[in-house]
Amino acid sequence: MNPIASIKARVGYFIDKRRVVETPGGKQREFLDKAFSVFYPSSWNYWSHPNLTYSAANGFPSQILALSSTILAEADQVPVAAPEFGQGVDDSKLGILLDEHGSDKYNHDYTKVYARLFHEMGQGAALSILEVGLGTNDPDFISSMTAAGKPGASVRAFRDYLPNASVYGADLDDKILFSEDRIKTSRVDQTDPISFEKMWDNFGRPALDLVIDDGLHSTEANINTFHFATKALKSGGYMVVEDIPERTIPVWQLLSRILGDKKGTLVKANYAYMYVWKKP
């Protein structure tokens with residue numbers, strides 16, 4: 001193609017694309033192009049059939065998990081019950097503190113996991129702990145606990161349970177940030193990886209023993225928090241993701257498959273699942 005014809009073709013392409021965007025279906029195309037660029041079909045008129053794109057995105061983790069299971073001849077990771085994970089460790093004292101401060105972690109059976117981790121790391125050690133998600137009760141936020149919630153409940157309970165620990169908390173809602181004895185908080189947006197770096201800078205970039213994700217509870221937010229934890233944790237430190245719904249278990253089984261012998265543990269608690277990973 002000669003240069004003039006090439007220029008005309010490119011101009012024609014962009015004019016055609018603009019015309020498509022300006023039609024009723026064009027907005028759908030623009031949305032799919034931006035939000036689902038990896039998943040929409042490479043076929044003309046794909047914007048008229050958006051369900052195909054949504055189905056591709058939603059089914060992707062399960063498809064890759066099934067494919068890898070077949071090729072590698074490996075069984076999918078089976079969750080461990082919380083009582084089994086925390087066997088031999090008393091979680092009652094931690095549970096009482098969480099209840100007193102207004103946290104639901106004891107009711108969810110998460111204390112069996114944390115009591116074991118604190119026992120392993122040393123309850124009296126000078127630990128550095130970060131919890132992402134302080135628990136906003138502002139109804140304008142997607143992760144609101146409603147008016148009954150008590151922001152900062154669990155970080156205060158951890159502070160009281162661990163006499164020599166430095167506890168850090170982070171949330172998207174600036175209004176609930178606070179500073180108390182051995183507690184510092186900062187803003188973080190779990191959908192923005194750069195936001196984690198700013199948060200870490202605000203804390204002085206401490207090497208962490210434990211990172212807890214109890215924030216937005218979306219897969220995107222979970223993975224961003226996990227990625228941050230791989231950098232911020234000490235060797236031997238733990239990353240814990242809370243409130244994983246059963247419908248997203250294939251994502252975590254796939255992650256375990258990818259991580260191989262460095263994988264974490266899926267834990268089944270009372271109402272949801274947790275993912276517990278130890279940094280090598």
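Couple of notes before you dig in:
- Residue list for the stretch 254-277, filter: farther than 20 Å from residue 62 by Cβ and surrounded by 20 or more Cβ atoms within 10 Å (Cβ to Cβ): 267, 269, 274, 277
- Wholly enclosed strands (runs of 3 or more DSSP E) of the stretch 176-264 bearing at least 3 residues at pLDDT 95 or above and farther than 30 Å from residue 78 by Cβ: 183-187
- Residue 251 meets the stated requirement of being touching a helix residue (DSSP H, G or I) at 6+ places or on another chain (Cβ under 6 Å), in contact (Cβ under 8 Å) with a residue 24 or more places away in the chain and surrounded by fewer than 20 Cβ atoms within 10 Å (Cβ to Cβ).
- Qualifying positions in the stretch 222-247 - more than 15 Å from residue 130 (Cα to Cα) and either without any contact (Cβ under 8 Å) to a residue 40 or more places away in the chain or acidic (Asp, Glu) (or both): 223, 243, 244, 245, 246, 247
- Breaking point among (1) in a helix (DSSP H, G or I); (2) surrounded by fewer than 24 Cβ atoms within 10 Å (Cβ to Cβ), for residue 142: (1)
- Any chance residue 90 is in a helix (DSSP H, G or I), farther than 25 Å from residue 221 by Cβ and either modelled with pLDDT of 95 or more or outside the structural domain of residue 150 (by TED's automatic domain parsing) (or both): no
- Conditions (1) assigned to a loop (DSSP other than H, G, I, E, B); (2) at pLDDT 95 or above: number failed by residue 129: (1)
- Only one of the numbered conditions (1) over 19 Å from residue 110 (Cα atoms); (2) surrounded by 15 or more Cβ atoms within 10 Å (Cβ to Cβ) is not met by residue 280, and that is (2).
- Any hit, the stretch 186-194, residues being touching a Gly at 6+ places or on another chain (Cβ under 6 Å), in the same structural domain as residue 97 (by TED's automatic domain parsing) and on the phi < 0 side of the Ramachandran plot: yes
- Comparison of 113, 167 shows that the only residue that is modelled with pLDDT of 95 or more and touching a Gly at 6+ places or on another chain (Cβ under 7 Å) is 113.
- Among (1) part of a loop (DSSP other than H, G, I, E, B); (2) in the same structural domain as residue 95 (by TED's automatic domain parsing), the one test that residue 42 misses: (2)
The values are calculated or read from the model by the stated rules, or taken from the named source; none is laboratory data. Only a predicted model underlies this, so the values are computations on that prediction, with no experimental measurement involved. Counting neighbours? That spans all protein chains shown, and the Cβs are built from the backbone with ideal geometry, glycine included.
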